[in-house]
Ligand code: ADP
């Protein structure tokens, strides 16, 4: 019944998400990279299964697209269930949470995405639910008010967050397993691309795959997204006819990335706009708000999606007073037109 729960995020709808879903690894062994996290989870899963207990609550943190939802599917699959997906910002009122928790069955896996964005009121109900599998609900108001304890079936909560630092202490303390997902190496992304190409029914040349892997921001979601667009490019090129196996070569990858506006550093149009603003300000740090207004993105998106990659590439420095472009950024991008009209000279 809960599979159709109204809080299930729309992320599971649509063709794009359908394809993303089809590329998801089916077992923890198929899950490429994050070996320490995968091994820790495997151990905890096996131990819980041997004891015939539900798995302890799990907190997964890491940037968008690194595999938090995928891992929740894999954990659930190990217990023969499907995760119930809920988005943190949709959990506003206490009764949203109580309604959700009281429908859970023994062993269900409740996945709350962006758990740091849940309301404080909703969060409070989770404390006793996670710790003792019970919720206390207030009935009536005024002099007739009384608290009723509702016992819940034991369940596992998986919380996913891009900002572990924004979680309150009491909530974080209730997760017994806490794992952080890191960016993937080029070699791991190369393996993911080769696997995804196979699932999409095409073959990609080894040099084309590693070339693409180096431009995917260390993130499997980008790798899969770019690959699908590049597949379209390869398909539209002369020489391919329907029914034939599709081969993606270096030229197709290069053209595809060019069309996507992704340059040799894996930077896209917004990344370059951010750099343009920082480079124009020289040594003067620029506040997040100013950057957000200038590029037309939300501050949160800048912090979650763009900044980590720019910092990782050594192009941006984050200081208490704001962001600055590094000398490397000035060397690579200074003195050129970085916005829409940017010509990617390195591709
Ligand atoms: P998150 O929940 O962290 O935003 P997802 O779990 O939705 O990320 O992952 C995005 C996509 O990337 C998934 O559809 C999946 O196909 C792919 N993916 C993520 N991690 C891996 C991995 N380790 N191996 C293979 N594919 C992966």
**Message:** Every residue in the range 109-136 that is farther than 30 Å from residue 52 by Cα and surrounded by fewer than 19 Cβ atoms within 10 Å (Cβ to Cβ), please.
**Reply:** 117, 119, 120, 121
**Request:** Quick one: count up the residues across the range 199-227 that are in contact with a helix residue (DSSP H, G or I) (Cβ under 7 Å, 6 or more places away or on another chain), in a helix (DSSP H, G or I) and crowded, with 17+ Cβ neighbours inside 10 Å.
**Result:** 11
**Request:** Tell me, yes or no, whether the range 158-166 has at least one residue that is at positive phi and in contact with a strand residue (DSSP E or B) (Cβ under 9 Å, 6 or more places away or on another chain).
**Result:** no
**Request:** Please find, among 113, 132, 108, the residue that is at negative phi, within 12 Å of the ligand (Cβ to nearest atom) and modelled with pLDDT of 95 or more.
**Result:** 113
**Prompt:** Which of the residues that make up the range 24-58 are within 16 Å of the ligand (Cβ to nearest atom), part of a loop (DSSP other than H, G, I, E, B) and within 22 Å of residue 172 (Cα to Cα)?
**Reply:** 34
**Prompt:** From the set of residues in the range 59-99 that are closer than 23 Å to residue 137 by Cα and assigned to a loop (DSSP other than H, G, I, E, B), which is nearest to the ligand (Cβ to nearest atom)?
**Reply:** 91
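The values are calculated or read from the model by the stated rules, or taken from the named source; none is laboratory data. Note that the structure is predicted; figures quoted are calculated from it, not measured. Virtual Cβ from ideal backbone geometry, glycine too; neighbours counted across all protein chains shown.
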